[in-house]
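Novice: The structure is given below, and queries will be raised subsequently.
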């Protein structure tokens, strides 16, 4: 039986369980990843909205959703327990692509993973949004977002004047964040710990990358590369 057929049966079963409520009930499948179960009274019907991610859990989720909609004791708590079983999904790279006009980030990321991060969990590497060039006082060449996780590389580096080894080093820097996380000392975070800096200096193109960045930073800030 296909997953679609199973989901259809699940929603039909939920509708049957709610048939004896005072108002007619309509069950609406959704793809909501935040508010995965909700219901509201309309003029003539009770509308129950349930995410496909909840329906995919089968009979256990059917019991919990039924109890919640009926207002039964423990229904809300059962739903919270259920939500903990739903696996988190990586953040979508909104508008992000890995293949640029001059550099393919996925190819460069694969080279860095093979050389320095054997066994590291997956983390997409994409270009950040392209904006009209303008002079900046500072520039963030890469950004690691642990919520995805996902790595975004500044689109100004997608230039024929930026060497591939430098883009690769920026990816390496962000992959280090992915591997080491952000350690805390008391209430403060240390984004670049001594361990991080030591590992970074071990990269074979570290000196080349630092030299290139110092030489070209002014043109990067001005958007002239």
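Novice: I'd like the residue in the stretch 84-108 that is surrounded by 15 or more Cβ atoms within 10 Å (Cβ to Cβ) and modelled with pLDDT under 80 and, out of all such residues, is nearest to residue 160 (Cα to Cα).
Specialist: Going through the qualifying residues, I end up with 96.
Novice: In this structure, does residue 78 turn out to be crowded, with 17+ Cβ neighbours inside 10 Å and free of Cβ contacts under 8 Å to residues at least 24 places away in the same chain?
Specialist: Yes.
Novice: Limited to the stretch 31-46, what total is found for residues that are over 18 Å from residue 80 (Cα atoms) and in contact with a strand residue (DSSP E or B) (Cβ under 6 Å, 6 or more places away or on another chain)?
Specialist: Total meeting the criteria: 3.
Novice: Being over 20 Å from the mean Cα position of the chain (by Cα) and part of a helix (DSSP H, G or I) is the filter; apply it to the stretch 109-146 and report the residue that is surrounded by the fewest Cβ atoms within 10 Å (Cβ to Cβ).
Specialist: So the residue we want is 114.
Novice: Taking the criterion of being out of contact with any strand residue (DSSP E or B) (no Cβ under 9 Å at 6 or more places or on another chain) and without any contact (Cβ under 8 Å) to a residue 12 or more places away in the chain, would at least one residue in the stretch 160-173 satisfy it?
Specialist: no
Novice: Considering (1) in contact (Cβ under 8 Å) with a residue 24 or more places away in the chain; (2) loosely packed, with under 12 Cβ neighbours inside 10 Å, say which one residue 207 fails and leave the rest.
Specialist: All conditions are met except number (1).
Novice: Just the residues that are without any contact (Cβ under 8 Å) to a residue 40 or more places away in the chain and under 15 Å from residue 165 (Cβ atoms), please, taken from the stretch 115-136.
Specialist: 115
The values are calculated or read from the model by the stated rules, or taken from the named source; none is laboratory data. Since we're looking at a predicted model, the values are computed, not measured. All Cβ positions, even for glycine, are placed from backbone atoms using ideal geometry, and neighbour counts span all protein chains on display.
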